[in-house]
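Inspection log for the structure reproduced underneath, given as structure tokens.
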Amino acid sequence: MYGGRISYINRVRTMPRINPDYRREAREKIIAAALEIAAERGWDEVTLDAIARNVGTSKPALYNYFRSREELLRDVLFEVFRSFRGNLETALSPDEDLPANIRNLSRLLFEREHLRMNLFFQIPLSMMQDNESGEEFIRIIETSRNILCDCFSRARLRGELSLDVDPDDAAKTLIVLIFGLHVSAPFLRMDNEEKKRAWVRYVGRILRIADI
């Protein structure tokens with residue numbers, strides 16, 4: 001019962017002192033390596049062995065920067081969350097009209113150069129069972145809904161969106177649509193281009209706009 005705890009304490013006591021800047025940079029590299037593995041091979045392949053090989057270090061060395069595998073994966077998730085929010089805010093620019101915003105968003109969601117962005121929709125439910133990660137995920141979803149709602153509200157004020165379309169309802173529907181496409185596409189054998197075309201078509205119907 002106590003063997004694992006004693007081993008962990010001994011490991012912490014024997015950890016070398018590392019310069020804070022170097023530690024931060026090393027953590028960022030490790031997280032980036034995990035994201036690269038997830039984007040290329042899927043979440044199930046994000047193991048400590050795979051990360052260590054990608055970084056070019058040993059598996060035990062990772063514990064100099066993360067106390068546990070769970071902490072590392074949680075930080076990877078948080079980086080996905082932060083990236084998703086930042087990219088969403090950039091795509092939905094207040095300086096562009098609604099069709100341009102939808103096109104920007106479709107590129108962000110479905111084109112290959114944005115694979116890390118799409119990791120957000122591939123996060124296994126098992127990883128959400130961690131309370132801290134789950135709460136952060138819920139906050140990001142709420143924030144995303146608000147960003148979409150603000151975009152649609154601006155479009156409504158400019159006369160680009162019908163008054164019959166409720167911005168908040170539309171935002172919720174688009175989030176459900178995004179998740180639905182990403183989850184169902186493998187079973188429907190849809191590639192990224194097909195998903196993108198379907199997304200644009202469905203969004204046009206939801207928002208009642210034809211010129212996207």
* Is it the case that some residue within the stretch 164-180 is surrounded by 13 or more Cβ atoms within 10 Å (Cβ to Cβ), more than 18 Å from the chain's Cα centre (by Cα) and either of a type in the set (D, E, K, R) or modelled with pLDDT under 90 (or both)? -> yes
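A quick yes/no check of all residues on (1) of a type in the set (Val, Ile, Thr); (2) modelled with pLDDT of 85 or more:
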position: Asn10; (1), (2): no, no
position: Ile18; (1), (2): yes, no
position: Tyr22; (1), (2): no, no
position: Glu25; (1), (2): no, yes
position: Glu28; (1), (2): no, yes
position: Glu36; (1), (2): no, yes
position: Val55; (1), (2): yes, yes
position: Asp75; (1), (2): no, yes
* Asked: Is it fair to say Glu25 is in a helix (DSSP H, G or I) and closer than 30 Å to Phe152 by Cβ?
  -> no
* Structure fact -> Residue set Ser184, Ser162; condition among the hydroxyl-bearing types (Ser, Thr, Tyr) and touching a helix residue (DSSP H, G or I) at 6+ places or on another chain (Cβ under 9 Å); output residue Ser162
* Asked: Are there any pairs, at least 6 apart or on different chains, whose C-beta atoms fall under 6 Å, with the first in the stretch 157-181 and within 26 Å of Asn118 (Cβ to Cβ) and the second open to solvent by 10 Å² or more (accessible area, probe 1.4 Å) and of a type in the set (S, T, N, Q), and if so, which?
  -> Pro167/Ser153
* Asked: Scanning the stretch 188-207 for residues that are free of Cβ contacts under 8 Å to residues at least 24 places away in the same chain and hydrophobic (A, V, I, L, M, F, W, C), which turns out farthest from Ile102 (Cα to Cα)?
  -> Leu188
* To do: Working carefully through the options Ser106, Ser93, Ser83, find the one that is in contact (Cβ under 8 Å) with a residue 24 or more places away in the chain and within 28 Å of Gly159 (Cα to Cα).
  => Ser106
* **Qualifying residue in the stretch 77-84 (condition: closer than 22 Å to Asp21 by Cβ and not in a helix (DSSP H, G or I))** => no
* Asked: Tally time: how many residues in the stretch 30-53 are assigned to a helix (DSSP H, G or I) and either surrounded by fewer than 16 Cβ atoms within 10 Å (Cβ to Cβ) or under 16 Å from the mean Cα position of the chain (by Cα) (or both)?
  -> 16
* To do: Hey, could you check the stretch 176-212 for residues that are among the charged types (D, E, K, R) and in a helix (DSSP H, G or I) and say which is farthest from Ile123 (Cα to Cα)?
  => Arg205
* Asked: Among the residues of the stretch 96-106, is any open to solvent by 50 Å² or more (accessible area, probe 1.4 Å), part of a helix (DSSP H, G or I) and either at pLDDT below 90 or of a type in the set (Asp, Glu) (or both)?
  -> no
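The values are calculated or read from the model by the stated rules, or taken from the named source; none is laboratory data. In this text, all values refer to a predicted model and were calculated from it rather than measured experimentally. Neighbour counts are summed over all protein chains in view; Cβ atoms, including those assigned to glycine, are modelled from backbone coordinates with ideal geometry. With ligands, DNA and RNA removed, areas are computed over all heavy atoms of the protein, side chains included. Shrake-Rupley method; radii C 1.70, N 1.55, O 1.52, S 1.80 Å.
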